[in-house]
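**Q** What follows is a single structure, and I will ask about it in a moment.
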Amino acid sequence: MPVYEYECKECDRVFEVQQKMADKPLTNCPECQAPVKKLMSMSSFQLKGGGWYADGYSSTSGAAAKPAASPCQSGGSCAGCPAAASATATA
(Lines give C-alpha, C1' and ligand atoms only; values in the text may rest on other atoms or scores of the structure.)
Protein backbone atom coordinates (compact mmCIF):
# COMPACT_ATOMS: atom_id res chain seq x y z
CA MET A 1 0.00 0.00 0.00
CA PRO A 2 1.49 3.41 -0.95
CA VAL A 3 2.52 5.99 1.62
CA TYR A 4 1.44 9.56 0.88
CA GLU A 5 2.86 12.71 2.41
CA TYR A 6 0.71 15.69 3.40
CA GLU A 7 1.44 19.18 4.74
CA CYS A 8 -0.93 21.18 6.92
CA LYS A 9 -1.34 24.78 5.79
CA GLU A 10 -2.19 25.98 9.31
CA CYS A 11 0.24 24.24 11.68
CA ASP A 12 2.96 23.45 9.04
CA ARG A 13 2.94 19.80 10.14
CA VAL A 14 4.20 17.29 7.55
CA PHE A 15 2.91 13.75 8.01
CA GLU A 16 2.65 10.45 6.16
CA VAL A 17 -0.47 8.34 5.65
CA GLN A 18 -0.65 4.80 4.29
CA GLN A 19 -3.60 4.71 1.88
CA LYS A 20 -4.91 2.59 -0.95
CA MET A 21 -4.56 4.13 -4.39
CA ALA A 22 -8.36 4.13 -4.68
CA ASP A 23 -8.78 6.08 -1.40
CA LYS A 24 -9.63 9.76 -1.65
CA PRO A 25 -6.83 12.14 -0.56
CA LEU A 26 -7.04 13.60 2.93
CA THR A 27 -8.53 17.07 3.16
CA ASN A 28 -8.00 17.95 6.85
CA CYS A 29 -5.09 17.77 9.28
CA PRO A 30 -5.56 15.12 11.99
CA GLU A 31 -4.13 17.58 14.58
CA CYS A 32 -5.88 20.91 13.91
CA GLN A 33 -8.49 20.00 11.23
CA ALA A 34 -7.13 22.71 8.88
CA PRO A 35 -6.84 22.03 5.11
CA VAL A 36 -3.88 19.92 3.98
CA LYS A 37 -1.91 19.76 0.75
CA LYS A 38 -0.70 16.46 -0.74
CA LEU A 39 3.05 16.57 -1.35
CA MET A 40 4.99 15.01 -4.21
CA SER A 41 7.63 12.78 -2.66
CA MET A 42 10.66 11.09 -4.16
CA SER A 43 9.93 7.50 -5.09
CA SER A 44 11.68 4.70 -3.24
CA PHE A 45 11.50 2.45 -6.33
CA GLN A 46 14.87 0.97 -7.28
CA LEU A 47 15.91 -1.53 -9.91
CA LYS A 48 18.15 -4.16 -8.33
CA GLY A 49 19.73 -7.34 -9.54
CA GLY A 50 21.66 -8.41 -12.60
CA GLY A 51 21.07 -6.58 -15.84
CA TRP A 52 20.06 -3.22 -14.37
CA TYR A 53 22.36 -0.23 -14.38
CA ALA A 54 21.85 2.73 -12.05
CA ASP A 55 22.81 5.26 -14.71
CA GLY A 56 21.12 3.45 -17.61
CA TYR A 57 24.39 2.47 -19.27
CA SER A 58 26.68 -0.51 -19.11
CA SER A 59 29.80 -0.18 -17.00
CA THR A 60 31.93 -1.80 -19.71
CA SER A 61 34.40 0.68 -21.08
CA GLY A 62 35.43 0.80 -24.71
CA ALA A 63 32.18 -0.72 -25.95
CA ALA A 64 31.07 1.00 -29.12
CA ALA A 65 27.54 2.35 -29.06
CA LYS A 66 25.28 0.79 -31.65
CA PRO A 67 23.21 3.19 -33.73
CA ALA A 68 19.48 3.10 -33.14
CA ALA A 69 17.56 0.82 -35.44
CA SER A 70 15.55 2.51 -38.16
CA PRO A 71 11.82 2.73 -37.34
CA CYS A 72 11.04 2.18 -41.03
CA GLN A 73 9.63 -1.27 -41.65
CA SER A 74 8.83 -0.84 -45.34
CA GLY A 75 12.41 -1.12 -46.58
CA GLY A 76 11.73 1.67 -49.06
CA SER A 77 12.40 5.39 -49.09
CA CYS A 78 11.74 7.31 -45.90
CA ALA A 79 10.96 10.60 -47.66
CA GLY A 80 7.26 10.47 -46.74
CA CYS A 81 7.70 8.78 -43.36
CA PRO A 82 6.56 10.82 -40.30
CA ALA A 83 9.39 9.27 -38.25
CA ALA A 84 11.97 10.54 -40.75
CA ALA A 85 10.43 14.02 -40.72
CA SER A 86 10.58 14.22 -36.91
CA ALA A 87 14.14 12.87 -36.85
CA THR A 88 15.38 15.59 -39.19
CA ALA A 89 13.47 18.26 -37.29
CA THR A 90 15.21 17.37 -34.00
CA ALA A 91 18.69 17.01 -35.54
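The values are calculated or read from the model by the stated rules, or taken from the named source; none is laboratory data. A quick note: this is a predicted structure, and the numbers were derived from the prediction, not measured. Because the Cβ atoms are built from the backbone with ideal geometry, glycine has one as well, and the counts that use them run over all protein chains shown.
**Q** When the stretch 1-51 is examined, which residues are found to be modelled with pLDDT under 90, touching an Asp or Glu at 6+ places or on another chain (Cβ under 7 Å) and not hydroxyl-bearing (Ser, Thr, Tyr)?
**A** Matches in the stretch 1-51: Val3 only.
**Q** Do we find a residue being at pLDDT 90 or above and of a type in the set (Gly, Ala, Ser) anywhere in the stretch 52-74? Please lay out each step first, then the result.
**A** Let us first name the residues in the stretch 52-74 that are at pLDDT 90 or above, namely none.
No, the stretch 52-74 has no match at all.
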